[in-house]
Amino acid sequence: MIGVVDLIEVLVKIGFIVVLLVGVFAPVLTWVERKQSAVMQDRIGANRADVFGFRIIGLLHAAADAIKLIFKEDFIPRGADRTLHTLAPIMALIPAILAFSVIPFGGTYTFGDREVNLVIANLDVGVLFVFAITSLATYGVFIAGWSSNNNWALLGGLRASAQMFSYEVTMGLTIIGLVMFYQSLSMVEIVAKQDIFWHWGIIWHWPAFILFLACAVAENKRIPFDAPEAESELVAGYFTEYSGLKFVMFWTAEFIEIVTISALCVVLFFGGHHIPFIADAKLIDCFSSLGANIANLVAMVIGVTVFVSKLAIIIFLQMTIRWTMPRFRYDQIMKLGWKMILPLSLIWIFVVGLGMLTNLIPRI
Amino acid sequence: MAITVKKVDRNVDMTLWERMYIPEMICGMLITWRHFFLNFVGLFLEEVGGKHYRRIATVYYPEEMPIVPVAYRGRPVLVRSKNGIEKCVACGLCEAACPPNCISIIGGERPNGDRYPDSYVLDGSRCIFCGFCEEVCPKEAIVMSHDWKNLCEYNRSKMVYTKKELLYPERNLQKRFDVLRDKYFSAYRYRQSPNLKTEPKE
């Protein structure tokens with residue numbers, strides 16, 4: 001039986017995540033994408049939108065975009081399937097946000113006799129849940145391409161579904177070695193086991209991290225794997241026929257997927273909310289003079305901040321990749337997925353298995 | 001100067017290191033990161049009103065003006081010499097050389113016998129900024145200035161420049177004269193040089 005306090009706690013966590021994703025990360029990432037690309041290409045970037053003469057380094061362009069897109073006509077092309085055309089952006093956006101529900105953005109803290117675990121749903125099969133939910137996003141993309149009654153959109157949708165299905169398999173397999181290492185599918189447990197710096201995923205599984213990041217970028221359909229929305233080939237790919245708020249939904253979904261994938265990287269490879277060499281209990285001990293509750297609160301704030309900063313670093317890495325690499329050809333994408341990353345991930349599972357059998361890799 | 005041709009073999013096989021992709025990718029990312037961090041500090045300093053700390057090519061146009069190169073061909077102007085009258089003798093060569101026929105001259109004669117353009121009309125909406133008029137002019141009377149602002153209008157009739165609008169003081173065009181003389185008479189000067197043994201081909 002769920003109590004009122006439990007309900008409030010869950011609602012607060014959901015509110016925090018939704019505000020963080022939709023309210024903070026999505027608009028700020030549009031700014032980052034514009035500004036970072038500009039700065040690394042020796043340009044200045046968008047900075048003309050102002051309120052009473054204050055430009056705030058171009059941050060207001062996100063607001064200007066939002067206002068523009070809200071007042072745009074919501075256009076459905078002739079011959080398009082109206083129901084599916086309307087449903088597709090929702091189907092793309094919901095899995096993107098939903099996948100965040102099992103990602104722990106902090107540790108476990110005690111307030112009085114109440115334990116607060118900073119994850120919305122502490123599932124035993126969290127890793128599986130994330131992969132199951134992110135694969136649902138393919139439907140939104142494909143239905144968008146299918147229902148638009150547009151050849152470019154259809155081609156984009158086909159490419160997207162083929163690419164996402166192929167990389168889905170590989171992405172799951174790259175994580176198997178890690179799951180064997182931590183002997184758990186629960187995100188919370190995996191983070192808890194990375195309490196010690198030498199047990200971080202990146203230390204033991206850096207080849208898996210490279211493979212995982214490649215798959216993750218392919219899964220997000222971003223450069224160098226942006227064949228589904230290749231501007232020079234397919235206009236805008238699967239969302240060619242979308243305008244106004246439906247376009248915003250696709251666009252928000254893309255940015256939230258980046259955040260989700262980065263969060264997954266942080267949780268699986270970079271120790272979640274843990275500061276290197278400082279365990280959670282030690283952190284709470286540092287502030288114990290303030291009283292148990294406040295010490296826990298401070299540790300919680302620090303944990304969430306560390307998590308978000310790690311997230312920001314991984315997102316920055318992904319953005320750099322986006323502005324450095326040229327696009328792969330479509331057959332190269334398929335070849336990379338099936339002929340290179342898939343065998344490599346299988347080899348890595350074998351290596352980890354062998355290492356654990358011979359006790360070269362410790363069991364934790 | 002003869003054009004040097006460098007042959008580039010484009011069918012080079014990549015080495016194993018390059019085919020591994022990831023090290024080369026990291027090298028590429030290091031380049032973008034270097035540019036990013038060099039410009040990043042200066043960006044924020046500039047937003048709060050600092051000087052130029054960055055290597056940024058962007059010009060904030062209405063606030064900042066781009067510096068045009070000396071050989072830039074802007075709006076064609078008539079040269080007004082130091083005594084206040086135009087150098088033009090209304091020979092009509094520019095009128096004949098002009099590819100889009102945008103120049104029309106009506107000549108006149110002063111009491112002392114000097115010829116001058118009674119009316120000199122240049123249709124700015126037809127001008128293609130080719131610079132043939134300045135090349136053909138025997139008196140250096142029409143040159144391409146560095147004037148590039150406010151050349152556009154909503155109405156074509158406003159773009160027809162008369163003599164009054166075309167006149168431009170000579171002292172502001174000295175750099176352009178240097179460029180012109182260098183460009184069109186360097187071959188001539190080269191031939192006159194006593195140190196040369198072989199004649200350059202035209």
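The values are calculated or read from the model by the stated rules, or taken from the named source; none is laboratory data. The structure presented is a predicted model; accordingly, all values stated were derived computationally and were not measured. Note: ideal-geometry Cβ built from the backbone for every residue, glycine included; neighbour counts use all protein chains shown. Just the protein is used for accessible areas: all its heavy atoms, side chains included, with ligands, DNA and RNA removed. Shrake-Rupley method; radii C 1.70, N 1.55, O 1.52, S 1.80 Å.
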Cα principal axis extents for the protein assembly as shown, largest first, Å = 113, 62, 58
Rounded to the nearest 500 deg cm²/dmol, what is the calculated helix-only ellipticity per residue at 222 nm for chain A, with -39500 (n - 2.57) per DSSP H run of length n ≥ 4?
-> -20500 deg cm²/dmol
Once label points are set 7 Å from the Cα along Cα→Cβ at both A:Trp198 and A:Val10, what is their separation, rounded to one decimal in nm?
-> 4.1
For the stretch A:309-364 and the stretch A:172-208, distance of Cα centres in Å | 14
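For the stretch A:236-315, which chymotrypsin sites (Phe, Trp or Tyr not before Pro) are in a loop by DSSP, counting at most 12 other Cβ atoms within 10 Å? Present the calculation step by step, with values, prior to reporting the outcome.
Values: sites: A:Tyr238, A:Phe239, A:Tyr242, A:Phe247, A:Phe250, A:Trp251, A:Phe255, A:Phe269, A:Phe270, A:Phe277, A:Phe287, A:Phe307; in loops: A:Tyr242, A:Phe270, A:Phe277, A:Phe287.
Passing sites in the stretch A:236-315 are A:Phe277.
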Heavy atoms of A:Arg48: accessible area, 1.4 Å probe, square angstrom to 10 = 100
Taking R0 as 25 Å and r as the Cβ-Cβ distance between A:Leu346 and A:Trp206, the FRET efficiency 1/(1 + (r/R0)^6), rounded to the nearest 0.05, comes to 0.90
Could you work out how far apart the two model spin labels at A:Ser289 and A:Asp42 are, taking each label as a point 7 Å from the Cα in the direction of the beta carbon, and quote it in nm?
-> 5.3
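In the calculated pair distance distribution of the stretch A:77-357, what percentage of Cα-Cα distances lie above 35 Å?
Result: 23 percent of Cα pairs exceed 35 Å.
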Place a point 7 Å from the Cα of B:Phe177 in the direction of its beta carbon; the residues of the stretch B:56-82 whose amide N falls under 16 Å from it are B:77-82
Pick out, from A:Val116, A:Val4, A:Val179, the residue whose Cα sits farthest towards the positive end of the charge dipole of chain A, with +1 on the Cβ of Lys and Arg and -1 on the Cβ of Asp and Glu.
-> A:Val179
Given the options A:Val19, A:Val217, A:Val248, state which has the largest fluctuation in a GNM of chain A using a 10 Å cut-off (strictly under) for Cα springs.
-> A:Val19
Provide the FRET efficiency to the nearest 0.05 for the A:Ile94-B:Met14 pair, computing r from the beta carbons and using R0 = 41 Å.
-> 0.40
Just tell me which lysines come within less than 22 Å, Cα to Cα, of A:Lys72; anything on the same chain fewer than 8 places away is out.
-> A:Lys246
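Need the full-extension length gain, B:Tyr72 to B:His35, defined as separation in residues times 0.36 nm minus the C-alpha distance. One decimal, nm.
Stretched out fully, the B:Tyr72 to B:His35 stretch lengthens by 10.3 nm.
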Per 10 Å bin, what percent of the C-alpha pairs of the stretch B:76-192 does each bin hold, from zero upward?
-> 13, 44, 33, 9, 1, 0
Could you work out how far helix A:82-98 tilts from the main Cα principal axis of chain A, as a 0 to 90 degree angle to the nearest 10?
-> 20
Probe 1.4 Å - accessible area at A:Val169, Å² to nearest ten | 70
What net charge do the residues around B:Ala71 carry, taking every other residue with its C-beta under 9 Å from that of B:Ala71, with Lys and Arg at +1 and Asp and Glu at -1?
-> +3
Quick one: accessible surface of B:Leu93, probe radius 1.4 Å, all protein chains present, in square angstrom to the nearest 10.
-> 80
The stretch A:32-74: chymotrypsin sites (Phe, Trp or Tyr not before Pro) falling in loop per DSSP and having at most 13 other Cβ within 10 Å | A:Phe52, A:Phe71
Rounded if a/c is under 1.5, else prolate if a/b beats b/c, else oblate: with a ≥ b ≥ c from the C-alpha gyration tensor eigenvalues square-rooted, which is the stretch A:14-68?
-> oblate
Please find, in a Gaussian network model of chain A (springs between Cα atoms separated by less than 10 Å), the residue of A:Leu20, A:Leu93, A:Leu123 whose mean-square fluctuation is greatest.
-> A:Leu20
Obtain the nm distance between the two label points defined at A:Leu128 and B:Val89 by a simple spin-label model: each point lies 7 Å from its Cα along the Cα-to-C-beta direction.
-> 9.8
Summing Lys, Arg as +1 and Asp, Glu as -1, what charge do residues with Cβ under 15 Å from the Cβ of B:Cys130 carry, B:Cys130 excluded?
-> 0
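Could you list, in their original order, any pairs among B:Lys87/B:Lys164; B:Lys87/B:Lys149; A:Lys68/A:Lys221; B:Lys82/B:Lys149; B:Lys139/B:Lys163; B:Lys87/B:Lys175 whose Cα atoms are separated by more than 21 Å? All intermediate terms of the calculation are to be shown ahead of the outcome.
Working: B:Lys87/B:Lys164 14 Å; B:Lys87/B:Lys149 25 Å; A:Lys68/A:Lys221 25 Å; B:Lys82/B:Lys149 25 Å; B:Lys139/B:Lys163 17 Å; B:Lys87/B:Lys175 17 Å.
In this structure, B:Lys87/B:Lys149; A:Lys68/A:Lys221; B:Lys82/B:Lys149 lie more than 21 Å apart at Cα.
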Computed FRET efficiency, Cβ-Cβ of B:Lys7 and A:Tyr330, R0 35 Å: what is it to the nearest 0.05?
-> 0.60
